[in-house]
């Protein structure tokens with residue numbers, strides 16, 4: 001049980017980062033430049049969160065950093081695809 005509560009603050013901050021990013025996208029809706037900046041900032045904070053989280057757990061290595069960067073890039077690509085209006089959403 002202690003292992004679950006040990007990471008609660010970390011995962012709460014991750015949910016907060018991603019939630020604020022999505023909220024920022026919703027608030028900035030018609031402004032595509034601001035939406036793009038918010039998507040980029042959310043991805044950067046996601047990568048920083050991953051590095052800090054794994055550093056504190058003594059499991060940080062180059063593969064993990066690359067994984068977080070690639071997942072952030074994939075998420076950003078999807079968001080930018082929607083922001084560009086390709087699907088008209």
Within segment 68-88, the count of residues that are farther than 20 Å from residue 12 by Cα and surrounded by 14 or more Cβ atoms within 10 Å (Cβ to Cβ) comes to 6
Could you list, in sequence order, the residues of segment 14-33 that are more than 13 Å from the chain's Cα centre (by Cα) and either surrounded by 15 or more Cβ atoms within 10 Å (Cβ to Cβ) or in contact (Cβ under 8 Å) with a residue 12 or more places away in the chain (or both)?
28, 32
With the condition kept exactly as written, say whether any residue in segment 36-54 is loosely packed, with under 12 Cβ neighbours inside 10 Å, assigned to a helix (DSSP H, G or I) and either in contact with a helix residue (DSSP H, G or I) (Cβ under 6 Å, 6 or more places away or on another chain) or without any contact (Cβ under 8 Å) to a residue 40 or more places away in the chain (or both).
no
Lone unmet requirement of (1) exposed (fewer than 13 other Cβ atoms within 10 Å of the Cβ); (2) not in a helix (DSSP H, G or I) for residue 11
(2)
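Coordinate-derived values only; no laboratory data. Computed from a prediction, not measured in an experiment: that's the story for all the values here. All Cβ positions, even for glycine, are placed from backbone atoms using ideal geometry, and neighbour counts span all protein chains on display.
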